[in-house]
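The values are calculated or read from the model by the stated rules, or taken from the named source; none is laboratory data. Just so it is clear, the model here is predicted, and its values are computed rather than measured. Glycine also receives a Cβ, built like all others from the backbone with ideal geometry; neighbour counts cover every protein chain displayed. Keep in mind that these areas ignore ligands, DNA and RNA; they rest on the heavy atoms of the full protein, side chains included. Shrake-Rupley method; radii C 1.70, N 1.55, O 1.52, S 1.80 Å.
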Amino acid sequence: MTEPIEIVVVGAGPGGLSAALAAAQAGARVALVDNNRQPGGQYFRQPAREFRGAASPHQRQGADLWQRVQAAGVHWWAETTAWGAAETRVLTLAGNHAPSSIQPPAIILATGTYERTVAFPGWTLPGVMTAGAAQTLLKEQHLLPGKKILLVGTGPLQLVLAAELVRAGAHVVAVLEGAPIFQKGAAHLGSLWGQWERVVEGASSWLTLASHAVPYRTSWGIVAANGNRQVAGATIARLDAAWQPVAGSEEQIACDTICLGYGFIPFTALAQLLGAQMTWQPELGGDVPTRDANLQTSAPGVYAVGDGAGIGGAALAQVEGEIAGIAAAAQLGHHADTAAQKIQALLPRLTRERQFQKMYAALFTPGAGLDTLARDETILCRCEEITQADVRRAIALGANSAGEVKSITRGGMGDCQGRMCSHLLAHAIARETQQTLAQVGRVRPRPPLFPTPIPVLGQVQAARAEESLR
Amino acid sequence: MNTQRKVNAPVVIIGGGIVGCATAYYLAQAGVQATLLEKSVLGNEASGRNGGGVRQQCRDRRERALAMASVKLWVALRTKLGFDIEYNQGGNIRMATTEQRMDDLRRESEEELQDGLAVEMWDRETLRRRAPYLGEVFIGGKYCATDGTANPLLAPRALGWAAKRLGATIMPRTEALHVQVQAGHVTAVIAKDPTGELVIETPRVIHAGGPWTPQLAQTLGVTVPIVPTRSVVAVTQRLPHLFDEFISSHDLGVYARQAREGHVHVGGAGAEHDDTFDQTTPLGTIEKIARGAAGMIPALRHVNFLRTWAGTIENTPDKVAIMDTVDGIGGYIIAAGFSGHGFCLGPIAGKLLTEWLVEGEASMPLEQFRLTRFQK
Ligand SMILES: Cc1cc2nc3c(=O)[nH]c(=O)nc-3n(C[C@H](O)[C@H](O)[C@H](O)COP(=O)(O)OP(=O)(O)OC[C@H]3O[C@@H](n4cnc5c(N)ncnc54)[C@H](O)[C@@H]3O)c2cc1C
Ligand SMILES: Cc1cc2nc3c(=O)[nH]c(=O)nc-3n(C[C@H](O)[C@H](O)[C@H](O)COP(=O)(O)OP(=O)(O)OC[C@H]3O[C@@H](n4cnc5c(N)ncnc54)[C@H](O)[C@@H]3O)c2cc1C
């Protein structure tokens, strides 16, 4: 590499690809980092080559975008993890195709999300998995997660997974949608369905489910997974408007697998380490960085786009990526004169997607009842096996913040780095201490953000020794 | 607006680190119900972020007797707090990579044996045999069998909880803003909590504010020479049991212990980022700790670090603590500046301060810890 990189884009999903393309087309020297071998992120991810069936429209769209990114001369740093960052706009990287640390003039974060877990009695039994895990089994290993599968959660993605499972030969015993969508959103549904159909195999999912007579119930959710060493069934119940199970409505349903599709949580740890101010927005998935009109965070030169800055879907991620790419390049002097105009032209698309985002959030943001399913003996932190009773004991000793409960119980200190459990712990503390989540506070992310081999950490460039990691 | 709330207390302790918590605990045991003010939460600073070493060997001679007395208290605390603080007398090895370091350790061992601390010099073979997990670079070391480790996340807090059970008042999220002095004697502490200001009338203040001590002391015209220093720890994933000892090497610049749950904590010995309250973890330090870890314990070359964090050490010019009164400010006691050794010393500091307040005299001489030694 002769010329230094000007913009590092982290994440090669729809948001990151669009950002890298826009910035490179404006003339900036861009590097695109992703921990996967293949670009595409959650949405465009290429299926394994031997996967039967033709590429879907969005996969073709992704392949096309990827071609243009390559043609624009973007440096592709595949299989590279950004494991740390500092307020001095430093990123530390682990991977064979990239330097071990870099301090570019601008960074665009497009890091996407992780799946939201829900704690209820039995959720740690083998046979309970996230919808994403089921999808990965199906798409990458061509394995069915089970024989009799129950889907619980919210949002249209559940239907897509259900249809995929049915087509692959699974028996889907039911799909439970937590949101009261038919009562609440008849007005919204038309446009929502239109949007969704545009991007996934929406309508055909419906048809598949209908033709296999898969029950689809709204305002229903899971209360418990039952079984001794493996899921043998589930207790389900009707939910009230706050997603609280209605007493007396419980039913038993036989199944060997339960897929949880309760949505996503933005992955914001890098933004926090880079010094970006955060704001609590439940309808966007939780804590998200504050941003200006150019999608720059409060940390100068650090931009955030896509689901990682607030759940909003692939199309929003793309338009946000374009805006941030143009703005970051302009900030470095590339086509600064025309940037405002180009961004202006994107605003109608941005507005439309944000409207969709609002509507989606209005329909599918889980109610508070979802966080009340755990019992004393229910595990909240799987890695360290910390139960709700452990949390309660810490509170009885005087703890009332996320940080203190973590210190006393070890909850959130395991290999998942809190991605599976910190929201479960925070909700439990808030409920037990009658505080808001904001009062409970967040646990500071600590580098390395992912378990990282000691020899890799021993090779951070010494030249940057003064740089600090939060 | 809020009118100032008024309460009173026989003693106010400023600071909820291990020194403040231990003092509250021993005072409460002696029947004195202190009020402890902590600007964040108990044990949130160095006391809860440290390496967990409870060590007597390799100390300044002035501190040695204190450390030995503190270990006796630690042994008792193991069963007395009603909470498992994971105290374990697994021994302490200070390793050497050079003959010169071996000579230094040998000289130190003679002094330690004279002072009644049982230590052993280990040659290369003994080290291999007793600590086979250590790297080839070490040519020997010094071992103290009665040294050990405890869990810093739990020990200071458990002392605070026990004090509270015995009647002490613990006030988290309450910052002492000012110590009021009238006619040459302490009369009150002005503090601030999330709901506003409050006045705690008291004739006695123990100022155990760690590295933040100088700022508040200065408002009384007292200069306390403590410099904040950043120190970093990294922790591995949970591993099968590897070792019991607290191990350290100044040559590699690292120390380590394996926590009960199996995680190995590796810290950077010899802090280089002086005079900062910054608690971000410097990249260069992570690198140094990672290299030191791999050199010290070769098995860690195949292991991940999960997390790093930094804490603020409180160094005095001679790296020995201050426990002293101040002429002209009756009732004001400073107990701070433990210079990176205070986790081990916390219990004995609390015990001696209690004796001083309750009986008028501590059972061990405190002349060595006078503030005035820096004023010459
Ligand atoms: C099964 C499924 C179906 C979907 N269907 C639709 C749909 O029909 N319509 C719709 O609008 N949306 C859909 N979505 C949602 C859509 O995928 C996301 O909204 C979209 O992918 C968000 O794009 P993004 O660029 O923000 O993040 P992502 O696509 O999530 O990409 C983020 C990338 O960053 C990488 N990354 C994160 N952190 C780091 C790091 N520190 N270092 C290196 N790399 C990192 C991740 O591995 C990932 O590759 C679907 C999602 C799923 C899972
Ligand atoms: C990384 C690291 C590793 C270490 N390793 C070891 C080790 O292995 N063994 C060992 O013995 N020691 C070790 N130490 C040192 C040890 O942790 C400290 O010496 C000891 O904790 C000091 O205790 P303290 O109570 O004096 O201070 P602190 O723990 O700093 O506590 C002082 C408290 O006072 C509060 N405070 C200050 N001012 C005010 C105010 N005005 N109002 C209200 N509250 C106030 C602060 O918030 C803080 O909680 C280490 C330290 C660090 C950082």
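Considering only residues in segment A:283-325 that are open to solvent by 20 Å² or more (accessible area, probe 1.4 Å) and among the β-branched types (Val, Ile, Thr), the one that is farthest from the chain's Cα centre (by Cα) turns out to be A:290. With respect to the conditions (1) more than 13 Å from every other protein chain (Cβ to nearest Cβ); (2) farther than 16 Å from residue A:117 by Cα; (3) crowded, with 20+ Cβ neighbours inside 10 Å, residue A:359 lacks only one, and its number is (3).
Return yes or no: is residue A:247 farther than 23 Å from residue A:117 by Cβ, in contact with a Lys or Arg (Cβ under 9 Å, 6 or more places away or on another chain) and part of a loop (DSSP other than H, G, I, E, B)? Before you say what the answer is, go through the steps one by one.
Values: farther than 23 Å from residue A:117 by Cβ: yes; in contact with a Lys or Arg (Cβ under 9 Å, 6 or more places away or on another chain): no; part of a loop (DSSP other than H, G, I, E, B): yes.
In short, no.
The residues in segment B:227-241 that are more than 16 Å from ligand 2 (Cβ to nearest atom) and of a type in the set (Lys, Arg) can be counted, and the count is 1. The set of residues from segment A:413-448 being in contact with a strand residue (DSSP E or B) (Cβ under 8 Å, 6 or more places away or on another chain), open to solvent by 10 Å² or more (accessible area, probe 1.4 Å) and more than 9 Å from every other protein chain (Cβ to nearest Cβ) comprises A:419, A:420, A:423, A:424, A:425, A:437, A:438, A:442. Looking only at residues in segment B:36-62 that are closer than 15 Å to residue B:209 by Cβ and of a type in the set (S, T, N, Q), the one that is nearest to the other protein chains (Cβ to nearest Cβ) is B:44. For segment B:227-237, the set of residues classified as within 14 Å of chain A (Cβ to nearest Cβ) and either surrounded by fewer than 18 Cβ atoms within 10 Å (Cβ to Cβ) or free of Cβ contacts under 8 Å to residues at least 24 places away in the same chain (or both) consists of B:237 only.
Residues of segment B:249-291 being of a type in the set (Gly, Ala, Ser) and crowded, with 24+ Cβ neighbours inside 10 Å, which ones?
Step one: filter segment B:249-291 for residues of a type in the set (Gly, Ala, Ser), giving B:249, B:253, B:256, B:259, B:262, B:267-271, B:284, B:290.
If the condition is that a residue be of a type in the set (Gly, Ala, Ser) and crowded, with 24+ Cβ neighbours inside 10 Å, then B:249, B:256, B:267, B:268, B:290 are the ones that fit.
Remark: residue A:389 falls outside the filter, which requires a residue to be closer than 27 Å to residue A:250 by Cβ, of a type in the set (A, V, I, L, M) and part of a loop (DSSP other than H, G, I, E, B).
Of the residues A:192, A:207, which single one is open to solvent by less than 70 Å² (accessible area, probe 1.4 Å) and either in contact with a Leu (Cβ under 7 Å, 6 or more places away or on another chain) or modelled with pLDDT under 95 (or both)?
Values: A:207 fails: open to solvent by less than 70 Å² (accessible area, probe 1.4 Å).
Every option except A:192 fails the conditions.
Name the residues in segment B:243-270 that are part of a loop (DSSP other than H, G, I, E, B) and away from chain A (no Cβ under 14 Å), would you? Reasoning before the result, please.
Step one: list which residues in segment B:243-270 are part of a loop (DSSP other than H, G, I, E, B), which gives B:243-245, B:250-253, B:259-262, B:269-270.
Correct list: B:243, B:244, B:245, B:250, B:251, B:269, B:270.
Within the set A:345, A:374, A:368, the sole residue that is surrounded by fewer than 16 Cβ atoms within 10 Å (Cβ to Cβ), of a type in the set (A, V, I, L, M, F, W, C) and in contact (Cβ under 8 Å) with a residue 60 or more places away in the chain turns out to be A:368.
Condition check: open to solvent by less than 20 Å² (accessible area, probe 1.4 Å), more than 16 Å from ligand 1 (Cβ to nearest atom) and touching a residue at least 40 places away in the same chain (Cβ under 8 Å). Does residue B:49 satisfy that? Give the derivation first.
On the way: open to solvent by less than 20 Å² (accessible area, probe 1.4 Å): no; more than 16 Å from ligand 1 (Cβ to nearest atom): yes; touching a residue at least 40 places away in the same chain (Cβ under 8 Å): yes.
In short, no.
Taking every residue in segment A:127-143 that is within 15 Å of residue A:170 (Cα to Cα) and away from ligand 1 (no atom under 15 Å from the Cβ) and pairing it with any residue that is polar (S, T, N, Q) and open to solvent by less than 40 Å² (accessible area, probe 1.4 Å), at least 6 positions away or on another chain, the pairs with Cβ-Cβ distances below 6 Å are A:127/A:257. Taking the criterion of being within 14 Å of residue A:258 (Cα to Cα), of a type in the set (A, V, I, L, M, F, W, C) and within 18 Å of the chain's Cα centre (by Cα), the only residue of segment A:138-158 that qualifies is A:152.
Every residue, every condition in (1) more than 16 Å from ligand 1 (Cβ to nearest atom); (2) without any contact (Cβ under 8 Å) to a residue 12 or more places away in the chain; (3) of a type in the set (D, E, K, R), yes or no:
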position: B:260; (1), (2), (3): yes, no, yes
position: B:313; (1), (2), (3): yes, no, no
position: B:316; (1), (2), (3): yes, no, no
position: B:320; (1), (2), (3): yes, no, no
position: B:327; (1), (2), (3): yes, yes, yes
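Only one entry in A:175, A:160 is more than 16 Å from ligand 2 (Cβ to nearest atom) and either open to solvent by 20 Å² or more (accessible area, probe 1.4 Å) or over 21 Å from residue A:41 (Cβ atoms) (or both), namely A:175. Checking B:24, B:28, B:76, B:69 one by one, the residue that is part of a helix (DSSP H, G or I), within 14 Å of another protein chain (Cβ to nearest Cβ) and more than 9 Å from ligand 2 (Cβ to nearest atom) is B:24 and no other. Go through the residues of segment B:58-69 one by one and say whether even a single one is in contact with a strand residue (DSSP E or B) (Cβ under 7 Å, 6 or more places away or on another chain), of a type outside the set (Val, Ile, Thr) and open to solvent by 10 Å² or more (accessible area, probe 1.4 Å). For segment B:58-69, residues in contact with a strand residue (DSSP E or B) (Cβ under 7 Å, 6 or more places away or on another chain), of a type outside the set (Val, Ile, Thr) and open to solvent by 10 Å² or more (accessible area, probe 1.4 Å): present. Among residues of segment B:129-149 that are touching a residue at least 60 places away in the same chain (Cβ under 8 Å) and closer than 17 Å to residue B:241 by Cα, those with a Cβ under 6 angstrom from a residue that is part of a loop (DSSP other than H, G, I, E, B) and among the aromatic types (Phe, Trp, Tyr), sequence gap 6+ or separate chain, pair up as B:133/B:243. Exactly one residue out of A:371, A:376 is within 21 Å of residue A:221 (Cβ to Cβ), in contact with a helix residue (DSSP H, G or I) (Cβ under 9 Å, 6 or more places away or on another chain) and part of a loop (DSSP other than H, G, I, E, B): that is A:376.
If the condition is being among the hydrophobic types (A, V, I, L, M, F, W, C) and either in contact with a helix residue (DSSP H, G or I) (Cβ under 9 Å, 6 or more places away or on another chain) or buried (at least 22 other Cβ atoms within 10 Å of the Cβ) (or both), then segment B:194-211 contributes B:200, B:205, B:206, B:208.
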